[in-house]
Amino acid sequence: MIKFNSDSKKQIIDAYNKNGIFLEGNILKIIDPENDIEFKNYLENAIDNDKSIRKKRLEVTKQIQLQNKELVNAQEDNSKLMVDLKDALQKAESAKKDAEEDLDLLQKKTQTELIGTIVKVALIIIIGIGVVTTFLFAAGFFLDKDTTLLGNAWSNMFGILLTNSFSIIGTIMGVKYATENNKDKK
């Protein structure tokens, strides 16, 4: 046991009275108040104060540990969410790329079908006009009518239709070529 002289006891009690400072820690357990009632009361108050302070510190420590644990868990959750977000972004980009490729393929297919339809219609018109003009020319020829004008018209008609059909096909191919070059530049 530690014993203090009366001057030391007085200084310790004065430190409490003037500044509100208690002795703290395990040293309080080994101080002998001897028969000094005032110092004994001081030591009992100091021990109670020390217990209260230790309890508060323990609560703060536990709270900080709990908060740290929550922060660690939140960080792990955030890391997992970031990984999931990156995966979702990659999947979305892949889906976008697939959709663009499908759209491009569909557009090319539609363009090819449209070109095929235009060519078929143009050929039907050319053949139809050619058949009608040939039929008129043949009818005029067999009916012994003057076919000079009809022959010239027949000849001009085929020339014009042939030129226009090549013009239509050339325009279609030019448009197709231009749209493919624009897509490649993008």
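The values are calculated or read from the model by the stated rules, or taken from the named source; none is laboratory data. What you see is a predicted model; the values in this text were computed from it and never measured. Note that each Cβ is placed from the backbone with ideal geometry, even for glycine, and that neighbours are counted across all protein chains shown.
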Query raised in the report: Does at least one position in segment 97-109 carry a residue that is in contact with a Gly (Cβ under 7 Å, 6 or more places away or on another chain) and either within 22 Å of Ala178 (Cα to Cα) or of a type in the set (A, V, I, L, M) (or both)?
Result: no
Query raised in the report: Say we look at segment 105-141 and pick out the residues that are without any contact (Cβ under 8 Å) to a residue 40 or more places away in the chain and touching a Ser or Thr at 6+ places or on another chain (Cβ under 8 Å); which of these is nearest to Ser155 (Cα to Cα)?
Result: Phe137
Query raised in the report: Does Ile115 satisfy the criteria of being closer than 27 Å to Ile160 by Cβ and touching a Leu at 6+ places or on another chain (Cβ under 9 Å)?
Result: no
Query raised in the report: Any idea which of (1) touching a residue at least 24 places away in the same chain (Cβ under 8 Å); (2) at negative phi; (3) surrounded by 12 or more Cβ atoms within 10 Å (Cβ to Cβ); (4) out of contact with any Gly (no Cβ under 9 Å at 6 or more places or on another chain) is the one Ile47 doesn't satisfy?
Result: (1)
Requested in this report: Tell me which residues, restricted to segment 24-48, are modelled with pLDDT of 85 or more and within 60 Å of the chain's Cα centre (by Cα).
Outcome: Glu24, Asp48
Report task. Looking only at segment 98-111, decide whether some residue is more than 26 Å from Val175 (Cα to Cα), in contact with a Lys or Arg (Cβ under 9 Å, 6 or more places away or on another chain) and modelled with pLDDT under 90. Result -> no
